[in-house]
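Data block below; observations after.
The values are calculated or read from the model by the stated rules, or taken from the named source; none is laboratory data. Source: prediction; values computed, not measured. Please note: Cβ atoms are built from the backbone with ideal geometry, for glycine as well, and neighbour counts cover all protein chains shown. The area values use the complete protein model at the heavy-atom level, side chains included, leaving out ligands, DNA and RNA. Shrake-Rupley method; radii C 1.70, N 1.55, O 1.52, S 1.80 Å.
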Amino acid sequence: MRAIVLVGGQGTRLRPLTWRSPKALVPVLNRPLLEHLLLHLKRHAITRITLAMTQRNAEIRDAFGDGSALGIELDYAYEDTPLGSGGAIASVAQGWDEPFLVANGDIITDLDLTAMFAFHREHNAELTMHLHEVDDPSEFGVAVTAEDGRITEFVEKPPRESAPSKLINAGNWLFEPSTISGLSPTEFNRVEDGLFPQMCEANRPIYGFSQPSYWRDIGNSESLRLVNLELVDGAIAGRVPADADGLLVGAGATVASGANLQRPAVIGDDCTIGDGANVTSSVCWDHVVLEDGATVHDSVLASDVTVGAGAIVEHSVVAHGARIAPGARVTDQQVEPDSVIEAAP
Ligand code: GTP
């Protein structure tokens, strides 16, 4: 089966981390987010994959090339201006004659796509959507289903108390080729706002597939932090080396014997963690330096960040190359790339 992965977004909610790294390349367990998704597709025999993107995302091509390093066939489709999910799908899949999968590029899941495809065929669906149950659906598109899984209604971002269902559109959709015939390939349109509700209204066979699985979309830095910590803690079997035991330390990292790395935590390649430094519930990308006695708590530190001796970073996001001076305290902040935070006088 072929797939389209949508990676053309701006990643605005992940700023300041996405000023220098496209969302698809932000690290999850020290590998690009998108690599996890591509390998998941491969596990379900989906190996011909088109990445739908804009010129702004060109670095993604540098990272993945033709896909052969991952054992898949990758190609790239570029939009001059963002076309939205509908425009991207219509322009890429024109002329395709078999069912295909569309995945949002910012999702980490172990969903059984093979079972989802079997469900799609059994129900003669025109479109099957992965629906994931969440406690609070108020930030998502919510689907209401009949007993057989047919979707009868969509409600966008309902208040938590009055949400008609807890099943959200989880960003994995199986399309029949004919389903896209009404979509414009040249004008911005989103299937979430247009095609999907229209299919319900017209009583076309659009189904929801739901099963217990791990699922998170990486919308903001907090979900990025949580995904890293949950996965290093073993949320999806086989994603971390068996001996990681809640702590992943990248190649070439130097950790002083007096450093205190509390599980779960993820430390990138070539990091230096000094004596007496403390890390709890945090994620450090590559080349991060924590000087002696520095503390990092509930935070994400992008590549090349330095936290000076005795400085404290808590509940914060520190973007590429920023420097926290010795003795400084950073609480609940988003620190921009290359900035310097001095200690209070
Ligand atoms: P925010 O700006 O923070 O909302 O992030 P985002 O740009 O990634 O948007 P969103 O989370 O809604 O997008 C879901 C997925 O669709 C992501 O993988 C995006 O890269 C992708 N995407 C969003 N808009 C477009 C688009 O216009 N074209 C393509 N090809 N992909 C898109």
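A few notes on this one:
- One Cα centroid belongs to the range 249-318, the other to the range 75-148; the line between them spans 37 Å.
- Stretching the chain fully between Asn124 and Ala202 yields a gain of 26.5 nm (0.36 nm per residue, less the alpha carbon separation).
- Cα-projected label distance for Asn220 with Glu336, points at 7 Å along beta-carbon direction, nm: 2.0 nm
- Across the range 160-250, the relative contact order, built from alpha-carbon pairs under 8 Å that are at least six residues apart, equals 12 percent.
- Those lysines that a straight Cα-Cα span of less than 21 Å connects to Lys157, excepting residues fewer than 8 apart in one chain: Lys166
- DSSP assigns beta bridges within the range 2-209; of those with both partners inside it, close to 50 percent run antiparallel.
- Listed residues Phe140, Phe100, Phe188 arranged by accessible area, highest first, probe 1.4 Å: Phe188, Phe140, Phe100
- ³J(HN,Hα), Karplus 6.51/-1.76/1.60, whole Hz, each residue of the range 144-158, x for Gly, Pro: 9, 10, 7, 4, 7, x, 5, 8, 9, 7, 10, 10, 7, 6, x
- Probe 1.4 Å, protein heavy atoms only - accessible area per residue of the range 189-345 in square angstrom: 41 Å²
- Convex hull per residue volume in Å³, alpha carbons only, for the range 197-239: 101 Å³
- A 1.4 Å probe over all protein chains sorts Glu336, Glu79, Glu98 by accessible area into Glu98, Glu336, Glu79, starting with the largest.
- With R₀ set to 45 Å, the beta-carbon distance separating Asp275 from Glu133 gives a calculated FRET efficiency near 0.50.
- Charge tally in the Cβ shell below 13 Å around His315, where Lys, Arg are +1 and Asp, Glu are -1, His315 excluded: -2
- Most to least accessible of Ser181, Ser68, Ser223 (protein chains only, probe 1.4 Å): Ser181, Ser68, Ser223
- Backbone HN-Hα couplings from phi across the range 203-215 [Karplus 6.51/-1.76/1.60, Hz, Gly and Pro as x]: 6, 7, x, 10, 10, x, 10, 9, 7, x, 7, 7, 8
- Amide H within-cut-off set for Thr54, under 5 Å, with H built and near neighbours excluded: Glu79
- Equivalent-ellipsoid semi-axes for the chain (Cα gyration tensor, √(5λ), whole Å, largest first): 39, 20, 19.
- Principal axis box of the range 208-345, alpha-carbon based, largest edge first, Å: 57, 33, 19
- Over the chain: helical MRE at 222 nm, DSSP H runs n ≥ 4 each giving -39500 (n - 2.57), nearest 500: -5000 deg cm²/dmol
- Accessible area (Å², 1.4 Å probe, nearest 10) - Arg323: 100 Å²
- Charge tally in the Cβ shell below 11 Å around Asp270, where Lys, Arg are +1 and Asp, Glu are -1, Asp270 excluded: -3
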